[in-house]
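Trainee: Right, I'll just put the structure down here and ask away after.
Nothing in this text is a laboratory measurement; each read-out follows from the coordinates by a stated rule. Remember, predicted model here, so these are calculated numbers, not experimental data. Here the Cβ positions follow ideal geometry from the backbone for every residue, glycine too, while neighbour counts run over all protein chains shown.
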Amino acid sequence: MPAPLLSLRGMTKSYGQVRANRGIDLDVAPNSIHAILGENGAGKSTLMKLIYGVEQPDEGQVFWQGQPVRLSSPAEARRHGIGMVFQHFSLFETLTVVENISLIVPGTKPELARRIRALGQDFGLEVDPSAHVHSLSVGERQRVEIIRCLMTEPKLLILDEPTSVLPPQSVGLLFDTLRRLRDTGVSILFISHKLDEIHSICDRATVLRAGQVTGNIDPREHDAHELARMMIGRDMPPPLHADIRPVGEKRLELAGLDHVEDDPFAVSLHGVSLTVHAGEIVGIAGISGNGQAELARLISGETRLADGERDEVRMMDQGVAHLGPAERRALGFAFVPEDRLGRGAVPEMSLADNSLLTAHPLGLLRHGFIDRMKEAEFTAACIKDFDVRTPGPEAEAGALSGGNLQKFIVGREILLRPKLLFVAQPTWGVDIGAATAIRQRLIAMRNEGVAVLVISEELEELFEICDRIQVLHKGRLSPSLDPRTSGPEEIGRYMIGANVPASEVA
């Protein structure tokens with residue numbers, strides 16, 4: 001058996017009272033695709049940061065190709081041949097794609113732009129090299145991170161949820177590429193909450209629970225149900241599918257909305273018609289970067305229209321296109337943005353103070369002063385009800401794992417008991433147990449008469465919870481599709497524009 005490319009022995013890392021990693025041993029073989037499995041807060045991200053030199057272990061030793069090494073920084077890790085795509089991205093928003101990549105990858109900008117386009121076509125990760133990062137969606141930013149890693153020609157590539165940005169048609173292409181990389185000598189550490197993907201592509205899997213290794217297995221010998229049980233330590237509840245119910249009044253309506261953004265890299269919206277009634281879940285599918293961010297800003301109030309265009313967006317039977325986010329929330333609107341750090345939460349603030357940002361109308365303010373007891377009670381309820389793994393309400397939002405922060409933000413908005421809930425990427429980066437719980441809560445809200453709009457790149461998620469699905473492609477929204485009669489293949493054709501009439505192609 002060949003010597004491991006990477007070995008970890010006794011890796012331990014604590015943050016205050018939280019022990020993220022506890023004496024972890026790990027061997028990654030050459031020419032392998034090795035999965036790291038674990039629920040949110042299991043220690044996966046911390047372990048990857050230790051391997052990539054972002055964090056230093058309290059105890060333990062790293063061996064690279066059999067030799068002890070000290071990975072003191074990401075630059076040192078890259079010198080050894082380790083590349084990583086973070087769950088929360090490390091890009092400068094004011095720079096272009098090619099400028100970001102040039103900070104790490106040598107070469108002139110025209111040369112790098114050609115390589116970016118070529119890699120994007122090869123891997124199904126197309127992105128405009130000249131686009132500014134601030135104009136890109138979360139999915140497009142992840143594409144940039146993946147391409148940047150591949151351009152460093154790594155010996156070990158760490159990928160965190162790499163398929164979350166891809167349509168079904170492109171996942172197979174990416175997997176073929178990863179297998180080719182493996183066969184040419186690149187080892188891959190693969191983190192995914194899609195257990196069928198791990199079963200399909202990975203040679204080995206290490207299971208983490210509460211910061212410790214609880215198993216080293218060949219995932220091909222276990223089905224997704226067994227993998228889930230190993231990961232969370234219990235059987236998963238059966239999925240709660242949405243059943244057919246009569247709907248109530250319109251809570252959101254866009255009728256033939258046209259909108260051109262000032263940003264030249266943004267996607268213009270053309271004739272977008274969308275209605276969400278009380279007591280239904282409407283899902284919007286689409287490949288990232290086809291207008292989801294622009295549509296979300298128009299619905300949330302981050303983008304306002306002129307006073308004379310107020311009826312372009314209607315909520316609770318009122319024209320609101322001229323109103324800002326706070327005024328829309330006052331009508332009974334709640335919103336979970338796809339970008340949880342920066343838009344969904346302030347990372348440097350405590351969870352309690354992040355609760356205050358949107359939940360202050362629930363008695364968290366009295367006579368202009370913060371009621372710290374009410375704030376703590378609301379936050380504690382959110383932590384408990386949504387199983388947020390954190391020391392408590394005073395923990396900084398930025399210290400939570402991505403999945404636990406997502407659970408907190410979704411929980412905070414649900415506890416507002418809105419009339420209209422808009423959730424973008426509700427389970428992005430969330431483990432299978434938490435994803436199931438979030439989806440069940442969305443269905444429960446719909447059953448209580450809430451109007452729910454979901455933007456998601458997880459087709460399985462949309463088919464599980466939605467009453468109707470529409471597809472956004474190049475700023476145009478498809479007709480409503482019934483998930484009970486439309487299959488993933490039909491949705492996928494709309495996602496790539498194959499079902500769009502030629503007259504509507506931009």
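Trainee: Could you give the dipole magnitude of the chain about its Cα centre, charging the beta-carbon of Lys and Arg +1 and that of Asp and Glu -1, in debye to the nearest 20? Each step should come with its number before you reach the end.
Mentor: Numbers: 54 positive and 68 negative charges, 183 e Å.
Charge dipole of the chain: 880 debye, to the nearest 20.
Trainee: In addition: Please figure out what share of the DSSP beta bridges in the chain is antiparallel and state it in percent, rounded to the nearest 5.
Mentor: Values: 38 of 72 bridges.
Looking only at bridges with both residues in the chain, the antiparallel portion is about 55 percent.
Trainee: Here's something else I'd like to know. I'd like to verify something in the chain: which complete DSSP H helices, judged by Cα projection on the helix axis, reach 15 Å or more and average at least -0.5 on the Kyte-Doolittle scale?
Mentor: Within the chain the helices that satisfy the rule are 138-151, 168-183, 372-385, 402-414, 432-447.
Trainee: Then there is this: Taking Cα extents along the principal axes in Å as the quantity of interest, determine which of (i) 69, 56, 45; (ii) 68, 57, 42; (iii) 94, 66, 45 was computed from the displayed structure.
Mentor: (ii)
Trainee: Tell me the relative contact order for the chain as a rounded percent, counting alpha carbon contacts under 8 Å between residues six or more apart.
Mentor: In percent, rounded to a whole number, it is 16.
Trainee: Packing-wise, with mean Cβ within 10 Å as the measure, how do 428-437, 347-356 rank, highest first? Don't jump to the answer; show the numbers that get you there.
Mentor: On the way: 428-437: 22.8, 347-356: 20.3.
Order by mean packing, descending: 428-437, 347-356.
Trainee: A follow-up question, please. Among the lysines, which have Cα under 18 Å from the Cα of LYS419 when same-chain residues fewer than 8 positions away are ignored?
Mentor: Answer for LYS419, where 18 Å is the Cα cut-off: LYS250, listed by chain and number.
Trainee: Got a sec? Which residues in the stretch 34-60 would a label at ALA75 touch, if it sits 7 Å along Cα→Cβ and we count backbone N under 19 Å?
Mentor: So the set is 50-56.
Trainee: Can you give the net charge of the other residues whose Cβ lies under 14 Å from the Cβ of TYR52, counting K and R as +1 and D and E as -1? Present the calculation step by step, with values, prior to reporting the outcome.
Mentor: Details: positive: LYS13, LYS44, LYS49, ARG70, ARG78, ARG79, ARG148, LYS155; negative: GLU55, GLU76, GLU145, ASP160.
Surrounding charge for TYR52 is +4.
Trainee: Could you pull out every residue, at least 5 positions away or on a different chain, whose amide H is within less than 5 Å of the one on ILE455? Hs are placed 1.01 Å off N in the peptide plane, and Pro or chain starts have none.
Mentor: Answer set, sorted by chain and number: ILE284, VAL423, ALA424, GLN425.
Trainee: What's the FRET efficiency of GLN121 with THR214 using the Cβ-Cβ distance as r and R₀ = 45 Å, to the nearest 0.05? Could the numbers behind the result be given before it?
Mentor: Values: r = 40 Å, r/R0 = 0.90.
For R0 = 45 Å, the calculated efficiency reads 0.65.
Trainee: Moving on to the next point. Given H placed 1.01 Å from N in the peptide plane, which residues other than close sequence neighbours of ILE158 have an amide H under 5 Å from its amide H?
Mentor: Those lying under 5 Å, H to H, from ILE158 are GLY83, MET84, VAL85, LEU189.
Trainee: I want to check the label-to-label distance for PHE369 and ASP385. Put each point 7 Å from Cα in the C-beta direction and report it in nm to one decimal.
Mentor: Between PHE369 and ASP385, the label points sit 2.8 nm apart.
Trainee: How large is the helix-only mean residue ellipticity at 222 nm for the chain, computed as the sum of -39500 (n - 2.57) over DSSP H runs with n ≥ 4, divided by its residue count, in deg cm²/dmol to the nearest 500?
Mentor: That comes out to -9500 deg cm²/dmol.
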